[in-house]
Every structure is written in C-alpha cells, then in structure tokens.
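> Attaching a single structure in structure tokens format; questions to follow.
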Amino acid sequence: MTASLAIDGGQPVRDSFLVFGKPCLGEEEEREVLDTLRSGWIGTGPKALRFEQMFAEYVGCKHALAVNSATAALHLSLLAAGIKPGDEVITSPLTFAATANVAIHAGARPVFADIDPATLNIAPENIERAITGRTRAIIVVHFGGLPCQMAEIMEIARQHNLTLVEDAAHAVGARYNGRLIGNLGNLACFSFYANKNLTTAEGGMVTTDDDAMAERIAVYRLHGLSRHAWQRYASRRLMLSDAIYPGYKYNMPDLLASLGIHQLRRVEDGLLTRERYARVYDEAFAEIPGVRLQPRPGDGLNRHGLHLYVLVLDLAHFRVSRNQIIDSLLAENIGAALHYRALHMHPYYRDTFGYEPEDFPAAASVGESILSLPLTPCISEQDAADVIEAVRKVLAGYRR
Ligand SMILES: Cc1ncc(COP(=O)(O)O)c(C=O)c1O
C-alpha cells in the first residue's frame with residue numbers, strides 16, 4: 001500500500017520546507033561585506049576589479065567583466081558583437097526567458113533551434129537548419145550545467161561567420177574537452193543570481209579573449225562613459241569622463257563583488273559535494289520506471305556543472321501532469337522547481353512569432369515533463385534522503 005500523499009491530507013515526508021537552491025554563504029562572505037561597508041566605497045570599485053581578475057584567472061580567459069546579471073551580460077554580448085535590428089539570433093527554446101529576450105532588446109529576432117531530447121541542449125544540426133542570410137549570432141545554453149556540443153557548434157559559427165555567445169548561467173565549473181566553460185574563446189555569460197552555484201545575490205560576468213569586445217562591454221555597462229567613477233576617484237585628479245555611447249546601468253557594486261570573491265573560492269568544493277549528492281540521487285532514480293536523467297560525462301575532460309538536477313518524466317506512466325507532481329512534492333515539503341517550459345509556448349513568443357508547440361517538439365515535450373530537485377552543497381544527507389523518499393512516494397502515488 002502506498003502512503004497517503006500530503007497533498008491529499010497525508011503526513012508530509014518532512015516537517016520543514018526544503019528550499020530549492022539555498023545559497024551557501026559563510027563567515028568569509030560576512031567579513032568581506034562588513035569590510036566593504038566600513039571602507040567608505042560600496043559602489044563599483046576595487047573589489048569588483050578583484051573579483052573580475054580572480055574570475056579571469058579561474059576560467060583561464062583574458063577578460064572577465066562583472067555586471068549586475070546574466071541578462072545584462074547576454075545583452076551586452078550581443079551589442080558588443082554588433083547585433084542590430086533586422087538580424088537573427090539562434091537560440092534554444094528550452095531556456096529562461098532572458099536568453100531570447102536579449103535578442104529582442106538588441107532589436108533582433110530570436111530564432112529557435114530545437115534541443116536534443118537526451119542532453120536537453122540545442123542540437124547542432126538544428127542550428128544549421130535555422131541559419132538564414134540574416135543570422136548573425138548563436139546563443140547556446142549549457143542546460144543545467146551540461147556543456148553543449150561546442151566543437152560542432154564552434155565549427156558552424158566559424159563556417160557561417162557568426163558570433164557564438166554561451167549562456168553559461170548554469171555552467172560555472174563545467175568543463176568541455178578539458179577546458180572550463182568561459183575559456184573557449186567566445187563570449188560566455190554567467191549568472192550569480194541567488195540560487196546559482198556562485199552567488200552575489202544578483203550579478204553576472206562576461207568572459208572573452210576578444211580585446212575589442214571586452215572594451216565595448218566595459219564602456220556599455222556603465223552609461224557609455226569613457227571612465228568609471230572608481231577610475232576617477234582613485235586618480236585623485238579631476239578626470240573628465242566622456243559619453244561615447246548611450247550605455248546602460250549594468251555595473252556590479254563592490255558590496256556584491258564582496259560575496260563573489262569568496263563564493264568563487266567555494267566553487268570547486270561545492271561542485272564536488274553536488275557530485276556526491278547527484279550520485280546518491282542517480283542511484284535512487286535510475287531504476288524508477290518513467291524517469292529519465294540528464295547524462296553526466298564522467299571522463300575527467302568533460303564535467304557537468306550540476307546547477308540543476310533534473311528528472312524528465314515519461315508521463316504515460318503517471319495519471320497526472322508534471323505540474324501536479326511538482327505541487328505534490330511541494331506539499332511533501334520538498335522545494336521542487338520547474339526549469340523550463342519551452343519559450344515558444346509562452347504567450348509573447350507564441351503570439352509574436354506565431355509558433356505552434358510542434359514547431360520545436362523536443363523542447364515542447366521536455367518542457368511539459370521536466371522538474372528540478374533541490375541540490376546545493378549545503379543540503380544534508382537527511383535532506384537528500386527526504387528528496388528521494390518524497391519522489392518515490394509521489395511517483396508511486398500517481399503511477400498508472
Ligand atoms: C539559462 C539562463 N539564462 C539566463 C538567466 C538570467 O540570469 P540573471 O537572473 O542573472 O539575469 C538565467 C537565470 O536563471 C538562466 O537560467
């Protein structure tokens with residue numbers, strides 16, 4: 001007999017709610033924030049600079065430019081690449097709205113290319129099919145932290161002379177062919193939002209080896225001024241700053257960079273812990289009929305960033321929708337979440353571009369059957385055991 005589900009009035013698997021993506025912050029972050037508060041300089045300055053230098057060194061790229069979100073990083077990357085009205089930008093339909101929204105902010109048209117349903121990443125052959133005479137850029141998304149097929153995609157970009165932007169919001173610490181995501185020679189955009197593997201509460205970073213694009217991003221991110229406030233202050237001389245572009249307010253303040261400096265030091269340890277819990281989850285879920293896991297390369301050269309641990313459900317095995325399954329997990333006090341419904345099925349994209357669900361069938365289907373489970377380095381073994389118990393209980397309760 002299966003236990004009565006909490007959503008139906010039964011006893012939940014745990015008494016307290018297990019939050020999805022709880023940030024792991026320590027005393028070092030607290031001390032650094034306090035130091036910044038007391039320093040008299042909380043805006044963009046020496047700590048943002050230090051965080052950038054550390055990040056560039058970590059991924060092994062020439063330039064790292066801190067901004068206030070991955071959305072800003074993506075937007076500036078497109079502008080730095082010269083994307084303009086009338087251009088087309090190819091991206092994955094299985095992503096957060098920001099990935100495609102930024103193409104629209106640059107005046108371009110986002111064009112979707114369907115995912116490979118096994119990896120959940122954009123499929124190179126679908127990118128090729130989506131290229132037209134107006135295509136200028138590709139934004140790939142390393143879904144959940146699993147690197148895309150970069151060799152194939154970089155070759156497509158080279159052949160068609162397209163700028164390749166990586167949405168690496170999930171991919172800090174992830175590796176492709178022995179290299180950390182962020183140093184493949186393109187523009188890579190990271191997110192430091194509250195639930196990300198490295199958080200500054202809100203924040204982002206662009207990494208690139210391209211001097212000219214880095215220079216443009218540095219200017220565009222702060223009003224388009226030729227010198228920013230810290231440069232002027234630190235010089236102790238009157239320094240005029242010229243407006244050389246109608247720029248944006250996308251800079252990262254030192255108060256937030258204070259978190260990033262220490263969060264970056266925790267990335268590797270955090271990833272090792274995520275990997276440990278992910279193996280526990282794998283073992284528990286691999287045998288459940290109707291549940292599919294995202295592949296995780298284990299060859300040392302390639303590494304999943306494990307921002308998300310997702311289950312893809314074969315709904316033929318269950319009596320209810322994915323949404324009801326998430327609701328039921330929430331009732332069991334497990335912070336399950338949804339990343340993502342396919343973008344072409346959202347009202348704006350559907351109505352503006354006339355998309356039908358079957359235009360990108362893999363993303364449409366995965367988007368209705370995927371869910372994410374809590375996985376951060378600061379969950380306990382008991383938390384992970386509760387997640388497993390709740391998934392087993394809920395899926396058994398709804399099995400056909
Ligand atoms: C794939 C992806 N791209 C971009 C973003 C935007 O990140 P941010 O909130 O830092 O702007 C997110 C946020 O979750 C994301 O998941």
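> So Ala243 passes all but one of these: (1) surrounded by fewer than 19 Cβ atoms within 10 Å (Cβ to Cβ); (2) under 24 Å from Asp35 (Cα atoms); (3) among the small types (Gly, Ala, Ser). Which condition number does it fail?
Among (1) surrounded by fewer than 19 Cβ atoms within 10 Å (Cβ to Cβ); (2) under 24 Å from Asp35 (Cα atoms); (3) among the small types (Gly, Ala, Ser), Ala243 violates only (2).
> Quickly run through region 1-30 and pick out the residues that are touching a residue at least 24 places away in the same chain (Cβ under 8 Å), of a type in the set (A, V, I, L, M, F, W, C) and out of contact with any strand residue (DSSP E or B) (no Cβ under 9 Å at 6 or more places or on another chain).
Within region 1-30, Ala3, Leu5, Ala6, Ile7, Val19, Cys24, Leu25 qualify.
> Which ranges mark the strands (runs of 3 or more DSSP E) fully within region 127-218 that have 2 or more residues being more than 24 Å from Leu49 (Cβ to Cβ) and more than 20 Å from the chain's Cα centre (by Cα)?
By residue number, 135-141.
> Return yes when Pro347 is buried (at least 16 other Cβ atoms within 10 Å of the Cβ) and not polar (S, T, N, Q) and no when it is not.
So Pro347 does not fit the description; no.
> Additional query: Hey, could you check region 71-118 for residues that are hydroxyl-bearing (Ser, Thr, Tyr), more than 15 Å from Thr163 (Cα to Cα) and not in a helix (DSSP H, G or I) and say which is nearest to the ligand (Cβ to nearest atom)?
Here the residue is Thr95.
> I've got another one for you. I'd like the full set of residues that are among the polar types (S, T, N, Q) and surrounded by fewer than 16 Cβ atoms within 10 Å (Cβ to Cβ), limited to region 18-73.
Scanning region 18-73 gives Ser39, Gln53.
> Over 21 Å from Ala123 (Cα atoms) and within 11 Å of the ligand (Cβ to nearest atom) - does that describe any residue in region 215-237?
No, region 215-237 has no match at all.
> Kindly check whether there is at least one residue in region 24-47 that is within 16 Å of the ligand (Cβ to nearest atom) and either among the small types (Gly, Ala, Ser) or in contact with a Ser or Thr (Cβ under 6 Å, 6 or more places away or on another chain) (or both).
No, region 24-47 contains no residue that is within 16 Å of the ligand (Cβ to nearest atom) and either among the small types (Gly, Ala, Ser) or in contact with a Ser or Thr (Cβ under 6 Å, 6 or more places away or on another chain) (or both).
> Shifting gears a bit: Between a residue in region 58-74 that is not assigned by TED's automatic domain parsing to the domain that holds His105 and any residue that is assigned to a strand (DSSP E or B) and more than 8 Å from the ligand (Cβ to nearest atom), which pairs come within a Cβ distance under 9 Å, given they are 6 or more apart or on different chains?
Correct list of pairs: empty, since none qualify.
> Now for a different question. Restricted to region 286-329, and to residues that are part of a loop (DSSP other than H, G, I, E, B) and hydrophobic (A, V, I, L, M, F, W, C), which residue is farthest from Leu5 (Cα to Cα)?
The extreme case among them is Leu301.
The values are calculated or read from the model by the stated rules, or taken from the named source; none is laboratory data. Just so you know, these numbers come straight off a predicted model, no measurement behind them. Cβ coordinates were reconstructed from backbone atoms using ideal geometry, including for glycine residues, and neighbour counts include every protein chain displayed.
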